[in-house]
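Okay, structure first, notes after.
Every number in this text was worked out from the coordinates using simple rules, so none of it is lab data. Everything quoted here is computed from the prediction, not taken from an experiment. Ideal geometry is used to build each Cβ from the backbone, glycine not excepted, and the neighbour counts take in all protein chains shown.
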Ligand SMILES: *Cc1c(COP(=O)(O)O)cnc(C)c1O
C-alpha cells in the first residue's frame, strides 16, 4: 500500500479513536492535509486516497497546485500568514482563510470577496502563546477584533485558529488549546450577528489528539501524512 494511503488510514483511525474516547463524534473533526512544500503529484495522490481538505501556506506555491488540480476538486484552506496585498488571490482560491488577525486584513478580504460576489469563510488566528515570532491577535484583543469586523458583509467568521509552540510532550500544548476554547466561549456569550464559532482549527502532527480532546474541529496535519518537509 502506498505510504500516503496508509498514513491517511492511520491518522483517520486515530482521529476517530480520540474523538470517541472523549465522547465526540468523529465526523465533527475535519482532517486538513497540509501540503506546503509538497508537489501537485503528492496532492493528487492524497486526493485519490480520499483526502478532501488541503491546507496551504504560501500563496504563489498554492495557486500553481490548485490551478493544476482544479479548485472544485477539493476544499482548500489557507493556513499561512496572509499579506493584505495577496488577499484578492486568497479569496479567489480558498474556501477558508484561517489566519485573519487584523482589521486591515479583514477589510481587504471583505472588499475582494465583494468584488467577486463571494462570502469568504474566515477564522481568526490567535497568538495564544504570545510568541513574538508568531502571527495572530492577542487573546485579550480577539473579542475587539470580532466586534470591529463582524459587520463586514462579505466575510463569515467561522471560528478560531491557533498554533501553540512545539513540545516533545503534546500534553504541554493542552493549556493553549484550552485557552482558545475559552476565547471561543467568551465570544459565544456575546450574540454577534454573522459570527458562528463552529470551528476550532488546532492540532498538528504531534499534538492533534490533545487538540481533539480540547474541542478541535479542524486538525492540520502535514508531516504524519507526507513525511518531513525539505
Ligand atoms: C506546517 C503547518 C502545519 C502542519 O504541521 P505538521 O507538524 O507537519 O503536521 C499545520 N498548521 C500550520 C499553520 C502549518 O504551517
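As a rough footprinting exposure proxy, the listed residues 150, 98 were ranked by other beta carbons within 10 Å of their own, and the order from fewest upward is 150, 98. Among 137, 217, 42, the residue with the largest mean-square fluctuation in a Gaussian network model of the chain, with springs joining Cα atoms closer than 10 Å, is 42. Using equal-weight Cα scatterers in the Debye expression, the normalised intensity of region 126-201 in log10 at q = 0.14, 0.15, 0.28 Å⁻¹ is -0.46, -0.52, -1.41.
For a Förster distance of 25 Å, can you work out the FRET efficiency between the beta-carbons of residue 52 and residue 81, rounded to the nearest 0.05?
The value I calculate is 0.55.
Set the Förster radius R0 to 41 Å, insert the Cβ-Cβ distance between residue 44 and residue 198 as r into 1/(1 + (r/R0)^6), and round the FRET efficiency to 0.05.
Numbers: r = 29 Å, r/R0 = 0.72.
According to the calculation, E is roughly 0.90.
Could you give the length gained by full extension between residue 3 and residue 223, i.e. 0.36 nm per residue of separation minus their alpha carbon distance, to one decimal place? Kindly include the intermediate steps, with their values, before the conclusion.
Details: separation 220, 0.36 × 220 = 79.20 nm, distance 1.21 nm.
Gain on stretching residue 3 to residue 223: 78.0 nm.
Dividing the convex hull volume of the alpha carbon atoms of region 2-225 by its residue count gives 118 Å³ per residue. By other beta-carbon atoms within 10 Å, ranking 153, 228 with the fewest at the front produces 228, 153. List residues of region 49-78, by number, whose backbone nitrogen lies under 20 Å from a label position 7 Å along Cα→C-beta of residue 89. Once the point is set 7 Å along Cα→Cβ of residue 89, 54-78 turn out to lie under 20 Å by backbone N, inside region 49-78.
Stretch residue 37-residue 166 to full length: gain in nm at 0.36 nm per residue minus the Cα-Cα span?
Gain in length upon complete extension: 44.5 nm.
Can you say what percent of the DSSP beta bridges in the chain, counting only those with both residues inside, are antiparallel? Round to 5.
Working: 0 of 28 bridges.
DSSP beta bridges in the chain are roughly 0 percent antiparallel.
Exposure proxy ranking for 166, 176, 93, based on other Cβ atoms within 10 angstrom of each Cβ and starting from the fewest, stands as 166, 93, 176. For the chain, the relative contact order is 20 percent, taking Cα pairs closer than 8 Å that sit 6 or more residues apart in sequence and dividing their mean separation by the residue count.
Note on residue 114 and residue 206: their simple-model spin labels are 4.4 nm apart, each label 7 Å out from Cα toward Cβ. If R0 is taken as 35 Å, the Cβ-Cβ distance between residue 16 and residue 140 corresponds to a FRET efficiency of 0.45.
Full extension of the chain segment joining residue 185 with residue 129 gains 18.3 nm, where the gain is 0.36 nm per residue of separation less the Cα-Cα distance. Computed over the alpha carbons of region 2-128, Rg followed by Dmax gives 15.8, 45 Å.
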